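Here's the structure we're looking at; comments come further down.
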Amino acid sequence: MTSTIAEALRFRPGATVAGLDTSATPGFDGAKADAAPVQAARSERLAELQEMLYASSKGADDHRSVLLVLQGMDAAGKGGIVKHVVGAVNPMGVRYTAFGKPTPEELEHDFLWRIRRALPPPGHIGVFDRSHYEDVLIVRVRNLVPPEVWGARYDEINAFERELVDSGTTLVKVAMFISLEEQKEQLLERLDDPTKYWKYNPGDVDERLLWPQYQEAYQAVLDRTSTDYAPWHVVPADRRWYSRLAITELLIDALEGLDLSYPAADFDVATERRRLLDS
Ligand code: AMP
Ligand code: MG
């Protein structure tokens, strides 16, 4: 069942964002109630693997890390993934960064400058809540830089990610998609509940009005930056229970691919036991 989800979500050349059923649950045959016990068990598995990744970096010279890249329109559920999926693992081994509108300092540098500074240290799971892809999404849709500048970024991103992979970082790139109707529901919920006002941004409505342009920009991202070394995964996200399970599976899949094990003791266990008992 598990790698079925990961397999089903991998972006396939030719697949279109416009043709996506955002309420589908690829690779999972059940309903919400069926997912709950699976989610609990798989969150535990994820936590175990994350501990192993962290432990490996304390051993010999294992510099590997994992980087979860979360992209999606407002209310697609990125925050929920951070809270529920990433929240199931030990925060000690997580490096979380949210990328908003660049600061004046960030704007003085190349678009990858702030990204490089946020990369996960060895043994960590890095979490990008938005990412360098904003520089070919909102930046493209809003014409924040000339077309030749954002146009060159796809290749720059591919080269950057190649570099990351070569240095031991496994990328898990996830594009979360909700329908326009579901986004409206989600944003309305924020307005209906004073404890959710903090999540609401009037600018979200302006981006929402540019949905077709965003779809086009997302399509270009998938078409041009899904590589064999850093593929995209397309996650239908109308059903939050599904997107959570799906991204849990994607992380498990990546971590299992690392063939992790706990590092051996670099001391003599029997001697240490004796010393300790005698102390
Ligand atoms: P949120 O994730 O809801 O806090 O919103 C962050 C906002 O910052 C979104 O509207 C993003 O599109 C925007 N943003 C992120 N990165 C960039 C960027 N490089 N240039 C311009 N806007 C960005
Ligand atoms: Mg927002």
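Counting only helical runs of four or more DSSP H residues, what would the 222 nm mean residue ellipticity of the chain come to if each run contributes -39,500 (n - 2.57) and the total is spread over all its residues?
Details: 11 runs with 128 residues, N = 279.
Using -39500 (n - 2.57) per qualifying helix, the result is -14000 deg cm²/dmol.
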Response to the item:
Here, GluC sites (Glu not before Pro) of the stretch 13-119 satisfying both criteria (DSSP loop; at most 13 other Cβ within 10 Å) are Glu108
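How many percent of the accessible area of the chain is carbon or sulfur, using a 1.4 Å probe?
Working: 7440 of 14120 Å².
Carbon and sulfur: 53 percent of the exposed surface of the chain.
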Item to complete: Could you check the simple spin-label distance between Ser179 and Ser261, using points 7 Å along Cα→Cβ, in nm with one decimal?
Response: 5.0
Discussion item. Amide H of Leu171 versus every other amide H placed in the peptide plane: which residues, excluding those fewer than 5 positions away on the same chain, fall under 5 Å?
Written reply: Leu67
Discussion item. Springs between alpha-carbon pairs under 10 angstrom, Gaussian network model over the chain: which of Ala217, Ala230, Ala40 fluctuates most?
Written reply: Ala40
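Just check the stretch 1-152 against the gyration tensor rule for me: Cα atoms, a ≥ b ≥ c as the square roots of the eigenvalues, rounded for a/c under 1.5, and otherwise prolate or oblate depending on whether a/b exceeds b/c. Provide the component values of the computation, followed by the final result.
Details: a/c = 2.13, a/b = 1.20, b/c = 1.78.
Oblate.
Please give the contour-minus-distance gain from Glu189 to Lys58: 0.36 nm per residue of separation, less the Cα-Cα distance, rounded to one decimal in nm.
On the way: separation 131, 0.36 × 131 = 47.16 nm, distance 4.44 nm.
Gain in length upon complete extension: 42.7 nm.
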Item to complete: Run the dipole for the stretch 175-279 about the Cα centre, Lys and Arg Cβ at +1, Asp and Glu Cβ at -1, nothing else charged, and hand back the magnitude in debye, nearest 20.
Response: 300
Worksheet entry | Charge-dipole axis of the chain as Lys and Arg at +1 and Asp and Glu at -1 on Cβ define it, positive-most pick from Phe11, Gly79, Thr25 | Gly79
Discussion item. Test of understanding: given the chain, find the longest segment containing no trypsin sites (Lys or Arg not before Pro) that are in a DSSP loop and have at most 14 other Cβ atoms within 10 Å.
Written reply: 143-279
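Do the alpha carbons of any pairs in Lys32/Lys101; Lys83/Lys184; Lys32/Lys78 sit beyond 28 Å of each other, and which pairs?
On the way: Lys32/Lys101 35 Å; Lys83/Lys184 22 Å; Lys32/Lys78 19 Å.
Those over the limit are Lys32/Lys101.
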Item to complete: Determine the gain in length on full extension of the stretch Ala47-Asn143; use 0.36 nm per residue of separation and subtract their C-alpha separation, reporting nm with one decimal.
Response: 30.4 nm
Worksheet item: Measuring with a 1.4 Å probe in the full set of protein chains, what accessible area per residue, in whole Å², belongs to the stretch 119-176?
Response: 36
Response to the item:
Taking R0 as 30 Å and r as the Cβ-Cβ distance between Glu216 and Arg162, the FRET efficiency 1/(1 + (r/R0)^6), rounded to the nearest 0.05, comes to 0.75
Item to complete: Taking the Cα atoms of the chain, report the difference between the largest and smallest coordinate on each principal axis, in whole Å and largest first.
Response: 72, 47, 41
Worksheet entry | Amide H contacts under 5 Å for Arg95, placed H, 5+ residues apart | Ile125, Gly126, Val127
Fill in: Point-to-point label distance, Arg12-Leu276, nm (Cα→Cβ direction, 7 Å offset)
5.3
Response to the item:
In vacuo Debye sum over C-alpha of the stretch 162-226, base-10 log of normalised intensity I(q)/I(0) at q = 0.19, 0.21, 0.25, 0.26 Å⁻¹, listed in q order, is -0.85, -0.92, -1.09, -1.14
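The values are calculated or read from the model by the stated rules, or taken from the named source; none is laboratory data. Remember, it's a predicted structure, so these values are computed and weren't measured experimentally. Heads up, the Cβs are rebuilt from the backbone with ideal geometry, glycines too, and the neighbour counts pull from every protein chain shown. All accessible areas refer to the heavy atoms of the entire protein, side chains included, with ligands and DNA or RNA removed. Shrake-Rupley method; radii C 1.70, N 1.55, O 1.52, S 1.80 Å.
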